[in-house]
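S.K.: I'd like to ask some things about the structure below.
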Amino acid sequence: MKTMLRRFGVLIAALAWLVALPQLASAQGVDVVARGLAAQASANLPGSRLQTFEVPPGLGWDQATYPITPTARQMADGTWVGDAGLSVKGLFPGYASWPTYYVNVNTGNNANDCLSFASACKSLYQPLVKAAAASQTSIYIKAQCGVGVEFDRNNGFTLGGVVTTIQNINVLAEAIGGRCTVGAIQPALTWTASGDGYTAPLSTTVTRVFDKLARDRFGNYVEFKKQLTQSSALTGMDTWSQISNVMALRRSDGLAPTAANTLVLVSTKNVYLDGANQINFALTGATPADGFDLVGGDAAAFRVAFTGGVGGPKVVIALENCSLKYSGTTVASGAVGDYAVEGVNGLSYVNNCTMGASGRDATNQHNALGADSSVLWNNVTAYDTGKISIYDSNNLVTGHDAMKMVIICARGSAARGVSAHFINTVKVAMFCPQISGSLGDLMNTAGGNNPTEFKAEDNVEAWIDEGNLKPTASSGYGILLSGAAKLHLRNTPVFGKTVIQGTATVDAY
């Protein structure tokens, strides 16, 4: 018995260490893996506390269509791991009977039939091409993943970054065997030594460049600094420029840039679902350790902007065990950010996913379309947002317009904006949020530019249970309410300053 208890203790400590990894230098997607494994194991492990949360009746959540019982376990280090009680595959009960396509970017060929790994496609978009040719309306994609597996801009979901819509085809894509990196990644360039650095011809517009050999304290790749002249790029330290279709770069370690050590992101689409027709689309992994790492994208790493379908069949947009990082700042209609979703008539579900080093927001959910939108986010982490944008929204967690949102155990810090920001007529319940360290809201003027952890405007109504919202700046606001916003708190101490404007109210429930 003592041996068994010691083993339990070791396992609990290991899980707690894994959950804390985003603060350390770590591999792409490691926080997704850690929180996914912890969530999977938490139901069977002793911990500090297991909490079941009540979905407030006033939220208007559709329990008949999306039955949830939010729970969370407080781990040994005090952090929370949530469980929404829903798996992505469980939301697609018929997927096993859908036509199945297989993809392997290293050994596949788009001329293959893609009906087994032995005859796999090379590109993630090729199953969509074949499905359209066969008039198929729903497909299941299995992608072979593993160390170093990378789908560049020519092999992702958006037909080489040119076609931006995937219409009339429902997709469930599953990563198998590890992580798959998918993004607006420039394929290998031909570099030539020039002065203290290197140059390469490249006509496609570069948005961001990263050192794949170095990570910051959040586990994100260290970003190279863009310069206005080629000479500055070639004499600087970890600097780059793009002048007259020539890219210049100098690594501080003196290495020649390669696809293995330098990530060059360009202004093309990543995963984009734009158009008039509502579809089902999901990315998941075969195990909690498997998944898709989405990097770059002109305005978003993952973007949905439906323009029709209100009042029609309900759909599901879902991400599970994914990471979404390094999005750009291109102006686009609808939402922008690492995760940018607009107008879903149904459920938007994000489970065990990590965002980071975004150009603008980390998560950004809109519903200007007026669809019947329900939003469920579980174990979403986000660090270091608004990296390259002076913009009116650089938040960790963002919700706009008429939506019902349930957010379980959101976690993150270092937003160049507000940690959690809700606007218009959102109704949102946040359980065990662990967000702190806002760096300031640069453009929104209500309440000034002070760092703010929770902000609600207009007619938002919000409930927070077991919250941990801590400003780290001496001038920081824990809570900022304006308009006619209503905030209800339970088991949530208030840190920092509380600012209430207009007819807004705050109470306990």
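S.K.: Within 25 Å of residue 123 (Cα to Cα), touching a residue at least 12 places away in the same chain (Cβ under 8 Å), in contact with a Gly (Cβ under 8 Å, 6 or more places away or on another chain) and among the hydroxyl-bearing types (Ser, Thr, Tyr): does that describe residue 258? Lay out the reasoning, then the answer.
M.R.: On the way: within 25 Å of residue 123 (Cα to Cα): yes; touching a residue at least 12 places away in the same chain (Cβ under 8 Å): yes; in contact with a Gly (Cβ under 8 Å, 6 or more places away or on another chain): no; among the hydroxyl-bearing types (Ser, Thr, Tyr): yes.
Answer is no for this residue.
S.K.: On to the next question. Of the conditions (1) under 30 Å from residue 190 (Cβ atoms); (2) not in a loop (DSSP other than H, G, I, E, B); (3) not assigned by the TED database to the domain that holds residue 203, residue 297 fails just one. Which one is it?
M.R.: Among (1) under 30 Å from residue 190 (Cβ atoms); (2) not in a loop (DSSP other than H, G, I, E, B); (3) not assigned by the TED database to the domain that holds residue 203, residue 297 violates only (2).
S.K.: Also, quick follow-up: Examine the range 217-236 for a residue that is closer than 23 Å to residue 383 by Cα, without any contact (Cβ under 8 Å) to a residue 40 or more places away in the chain and not in a strand (DSSP E or B), and state whether such a residue exists.
M.R.: yes
S.K.: Only one of 395, 364 is under 26 Å from residue 451 (Cβ atoms), outside any loop (DSSP other than H, G, I, E, B) and not β-branched (Val, Ile, Thr). Can you tell me which?
M.R.: Working: 395 fails: outside any loop (DSSP other than H, G, I, E, B).
Just one listed residue meets the conditions, 364.
S.K.: So which of 340, 357, 362, 318 is in contact (Cβ under 8 Å) with a residue 40 or more places away in the chain, under 20 Å from residue 220 (Cβ atoms) and more than 10 Å from the chain's Cα centre (by Cα)?
M.R.: 357
S.K.: Give just the number: which of (1) modelled with pLDDT of 85 or more; (2) not in a strand (DSSP E or B) does residue 335 not satisfy?
M.R.: (1)
Residues are listed down the side, and each one gets a yes or a no for (1) buried (at least 24 other Cβ atoms within 10 Å of the Cβ); (2) without any contact (Cβ under 8 Å) to a residue 40 or more places away in the chain; (3) under 10 Å from the mean Cα position of the chain (by Cα):
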{"position": "310", "(1), (2), (3)": "no, no, no"}
{"position": "313", "(1), (2), (3)": "no, yes, no"}
{"position": "322", "(1), (2), (3)": "yes, no, yes"}
{"position": "344", "(1), (2), (3)": "yes, no, no"}
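S.K.: Has the range 190-202 got at least one residue that is under 27 Å from residue 118 (Cβ atoms), outside any loop (DSSP other than H, G, I, E, B) and touching a residue at least 60 places away in the same chain (Cβ under 8 Å)?
M.R.: No, the conditions are met nowhere in the range 190-202.
S.K.: Okay, next question. Taking residue 240 and the conditions (1) part of a strand (DSSP E or B); (2) among the aromatic types (Phe, Trp, Tyr); (3) in contact with an Asp or Glu (Cβ under 9 Å, 6 or more places away or on another chain), which numbered condition does it fall short on, given that it satisfies the others?
M.R.: Going through the list (1) part of a strand (DSSP E or B); (2) among the aromatic types (Phe, Trp, Tyr); (3) in contact with an Asp or Glu (Cβ under 9 Å, 6 or more places away or on another chain), residue 240 breaks only (3).
S.K.: Report yes if residue 82 is in contact with a His (Cβ under 9 Å, 6 or more places away or on another chain), closer than 30 Å to residue 402 by Cα and of a type outside the set (Lys, Arg), otherwise no.
M.R.: no
S.K.: Give just the number: which of (1) outside the structural domain of residue 232 (by the TED database); (2) outside any loop (DSSP other than H, G, I, E, B); (3) modelled with pLDDT of 90 or more; (4) farther than 17 Å from residue 403 by Cβ does residue 287 not satisfy?
M.R.: (2)
S.K.: Mind listing just one residue for me: the one in the range 193-205 that is surrounded by 16 or more Cβ atoms within 10 Å (Cβ to Cβ) and at pLDDT 95 or above and, of those, farthest from the chain's Cα centre (by Cα)?
M.R.: Of everything passing the filter in the range 193-205, 194 is farthest from the chain's Cα centre (by Cα).
S.K.: Consider the range 196-232. How many of its residues are within 14 Å of residue 247 (Cβ to Cβ) and either in contact with a helix residue (DSSP H, G or I) (Cβ under 6 Å, 6 or more places away or on another chain) or of a type in the set (Asp, Glu) (or both)?
M.R.: The qualifying residues number 2.
S.K.: Would you list the strands (runs of 3 or more DSSP E) that sit entirely within the range 402-509 and hold 2 or more residues that are modelled with pLDDT under 90, in contact with a strand residue (DSSP E or B) (Cβ under 7 Å, 6 or more places away or on another chain) and within 25 Å of residue 370 (Cβ to Cβ)?
M.R.: 418-422
S.K.: Do we find that residue 396 is within 13 Å of the chain's Cα centre (by Cα) and at pLDDT below 95 in this structure?
M.R.: Against the criterion (within 13 Å of the chain's Cα centre (by Cα) and at pLDDT below 95), residue 396 qualifies.
The values are calculated or read from the model by the stated rules, or taken from the named source; none is laboratory data. This structure is a prediction, so every number in the text was calculated from the model and none was measured. Cβ atoms come from the backbone with ideal geometry, glycine included; neighbour counts cover every protein chain shown.
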